[in-house]
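> This is the structure I have questions about; it appears just below.
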Amino acid sequence: MYTREQASQLRQAFWTTFGQYIAPHLSAEGLRTNWVNYKTGLPGVAFKMDADKKSASIAIEINHADPELQELFFEQFVALKTLLHETLEEEWEWALHTTDEYGRTVSRIYKEISPVSVFNKDDWPTLISFFKPRIIALDAFWSDAQYSFDALR
């Protein structure tokens, strides 16, 4: 078992390592980007990567407080589902109106792997290999798809 501080330090060390590893990669538009804290530029829509002691996930998270607005955004992603899956080269899970770790209603399009642990440095190569191609593919998808959301801004 790790203390809360040790766990926090290990998490931070992983994300720092991942950030350094992926930093040389430019975005689909040829720009430097903060891959760990990816900004979609669309309020209420985020690309999130998470790793804990049992699993890891990468997601498109729609977190508007208004469930009807959340559903509109989700439906727009559904309209782009083929493009998304082709860009990712795999299918992801789709969940309309689920809850996040804080009990808030969110909608998610995500991919998960387990068993892996961010606290086991031997798993870090697996985690990096999981996150890297997917966040790069999400960026490539978003560079085209973001304009489909202009009417919802």
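Every number in this text was worked out from the coordinates using simple rules, so none of it is lab data. The structure presented is a predicted model; accordingly, all values stated were derived computationally and were not measured. Neighbour counts are summed over all protein chains in view; Cβ atoms, including those assigned to glycine, are modelled from backbone coordinates with ideal geometry.
> Run down the lysines and flag those whose C-alpha is under 19 Å from the C-alpha of residue 81, throwing out any fewer than 8 positions away in its chain.
Here the lysines satisfying the reach criterion relative to residue 81 are 48, 111.
> While we're looking at this one, here's another question. Work out the charge dipole of the chain with +1 on the Cβ of Lys and Arg and -1 on the Cβ of Asp and Glu about the Cα centre, then indicate which of 1, 130, 59 is farthest towards its positive end.
Positive-most Cα among the choices belongs to 1.
> If I fit a long axis through the Cα atoms of helix 124-145 and take the longest principal axis of the Cα atoms of the chain, what angle between them do I get, 0 to 90°, rounded to 10?
20 degrees
> Could you work out how far helix 67-79 tilts from the main Cα principal axis of the chain, as a 0 to 90 degree angle to the nearest 10?
With both axes taken from Cα atoms, the answer is about 90 degrees.
> Work out the length of the dipole vector of the range 4-141 about its Cα centre, built from +1 on the beta-carbon of each Lys and Arg and -1 on the beta-carbon of each Asp and Glu, and round it to the nearest 20 debye. List each step's numbers first, then the result.
On the way: 14 positive and 20 negative charges, 116 e Å.
Value, rounded to 20: 560 debye.
> Continuing with the same structure: Mind checking the angle between helix 4-22 and the chain's longest principal axis? C-alpha axes, 0 to 90 degrees, to the nearest 10.
Tilt relative to the chain: about 60 degrees.
> Report the rotationally averaged projected area of the range 4-141 based on its alpha-carbon convex hull, in square nanometres. Numbers along the way, then the final one.
On the way: hull surface 34.3 nm².
Projected area, direction-averaged: 8.6 nm².
> Show which aspartates and glutamates lie in cross-link reach of residue 121 when reach means a straight Cα distance below 20 angstrom and same-chain residues fewer than eight apart are skipped.
5, 50, 52, 112
> Still on this structure: Remind me, relative contact order of the range 1-104 in percent, using alpha carbon pairs under 8 angstrom and six or more residues apart?
12 percent
> Also, quick follow-up: Arrange the peptides 59-72, 4-17 so that the one whose residues have, on average, the most other Cβ atoms within 10 Å appears first.
Top of the packing list down: 59-72, 4-17.
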